[in-house]
Amino acid sequence: MKIAVITGAVSGIANAVAKKLQKDGCKIIALDKNIDNIKEDNDFIYYSVDVTKSHEVNKVFEKINEEFGKVDILVNTVGATLHTKLIEEIEDDDWDRTFELNLRSAFNCTRAAVPLMKKNNWGRIVNISAVAGRTYTFFGGADFTAAKSAIVGFTQQCAFELAPFGITVNAVAPGLTLTKRVENMWNEYSEERRNTILERIPIGRPSTVDEQAQTICFLCSEYASYICGAVIDVNGAMFV
C-alpha cells in the first residue's frame, strides 16, 4: 500500500486528490491547520499541523516514519492569494506571509519527506503552482506571482536532485478553479466582471476541482514514471 501525504486535504483540490488516491488504494495522511470541523466519513489519518512551521512538520513526519516507515507520495497544495494589492501597497508582512504559505510550506514538507522516499528508491512529489506562476494575475499581487513562480524553480531543482533516487517531482499550475471558496467569490462578481475574466480563458469556463485532481493524481501514478521536472498547465489555454 502506498502512503500518500496530502497537505491542505480538508477541502478544495487537495480533498479531491485525497479521495481519488484513496480509491486507487493509497493510505491517506491528511495534513491541515484546522481539522476540528471535519464531517466527512473516511479513514484518512489526520494531523493538525501548520506546514509553514518546520518544527511542526518535522514532528509529524517523525510520527509517519514510526508508524509506516515510508512516504510514497507527497502533494503540496497549501497556498493561496491573500490580497489583490498593487505593488506599492504591499507591506513586508504581506510578502513574508505569502511566501510562507505558498513556498515555505512546500519546502518544509518536501525536505521532511525525501529521506522517507529515498529509503525505497521511489517517490512522487507534486507541487501546486498557479497560472499566476506563469504570467500575471487578476487574483493576487506581485508577492503571489513571485511565490508561485518560485514553486516552479523549486520543483525543477528538486527534480534534478531526486530523479537518481527514483523520485519524480512535478508541478501543476491550475487556472481559475471553482473550489468552494473561489465559487463564493465568483458568485459575488458582477456578470460584467465574470465575462471579462472568461474572455481570457479560450475554453470559455472555469475548471472544476476534479479536472485539477485528475491531473495531479496521474502525476502520482506509475504511468507518470518518466515525467520529472515538468510544469503541467491546467488552465483552459489561459496561458500557453
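The table below gives the values:
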| quantity | calculated |
| --- | --- |
| Test: residue in the range 23-36 that is under 16 Å from the mean Cα position of the chain (by Cα) and not aliphatic (A, V, I, L, M) | yes |
| Residue match in the range 31-40 (condition: of a type outside the set (Asp, Glu) and buried (at least 19 other Cβ atoms within 10 Å of the Cβ)) | yes |
| Count of the range 103-145 residues which are of a type in the set (Gly, Ala, Ser) and either in contact with a Ser or Thr (Cβ under 7 Å, 6 or more places away or on another chain) or not in a helix (DSSP H, G or I) (or both) | 8 |
| Qualifying residue in the range 80-98 (condition: part of a loop (DSSP other than H, G, I, E, B), of a type in the set (A, V, I, L, M, F, W, C), at pLDDT below 95 and under 26 Å from ILE3 (Cα atoms)) | yes |
| Which listed residue, of THR155, THR145, THR168, is over 28 Å from MET1 (Cβ atoms), crowded, with 18+ Cβ neighbours inside 10 Å and in contact with a Gly (Cβ under 8 Å, 6 or more places away or on another chain) | THR145 |
| Extreme residue, nearest to GLY140 (Cα to Cα), among residues of the range 185-240 that are in contact (Cβ under 8 Å) with a residue 40 or more places away in the chain and among the polar types (S, T, N, Q) | ASN235 |
| Search result, residues across the range 188-202 that are over 22 Å from VAL234 (Cβ atoms) and exposed (fewer than 10 other Cβ atoms within 10 Å of the Cβ) | GLU188, SER190, GLU191, GLU192 |
| The range 51-79, residues that are farther than 23 Å from SER11 by Cβ, of a type in the set (A, V, I, L, M, F, W, C) and not in a helix (DSSP H, G or I) | none |
| Only listed residue being touching a residue at least 60 places away in the same chain (Cβ under 8 Å), surrounded by 15 or more Cβ atoms within 10 Å (Cβ to Cβ) and either out of contact with any Cys (no Cβ under 9 Å at 6 or more places or on another chain) or not hydrophobic (A, V, I, L, M, F, W, C) (or both), chosen from ASN102, ASN65, ASN76 | ASN76 |
| Test result for GLY8, at pLDDT 95 or above, at positive phi and not hydroxyl-bearing (Ser, Thr, Tyr) | no |
| Top-ranked residue of the range 39-50 - restricted to ones that are within 13 Å of VAL5 (Cα to Cα) and either part of a loop (DSSP other than H, G, I, E, B) or of a type in the set (D, E, K, R) (or both), ranked as farthest from the chain's Cα centre (by Cα) | PHE44 |
| SER221 vs. criteria surrounded by fewer than 17 Cβ atoms within 10 Å (Cβ to Cβ), of a type in the set (Gly, Ala, Ser) and over 28 Å from LEU116 (Cβ atoms) | no |
| Residues satisfying the stated conditions in the range 123-136, i.e. touching a Lys or Arg at 6+ places or on another chain (Cβ under 9 Å) and surrounded by fewer than 21 Cβ atoms within 10 Å (Cβ to Cβ) | ARG134 |
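The values are calculated or read from the model by the stated rules, or taken from the named source; none is laboratory data. These numbers were taken from a predicted model, which means no experiment stands behind them. Backbone-built Cβ (ideal geometry, glycine too); neighbour counts: all protein chains shown.
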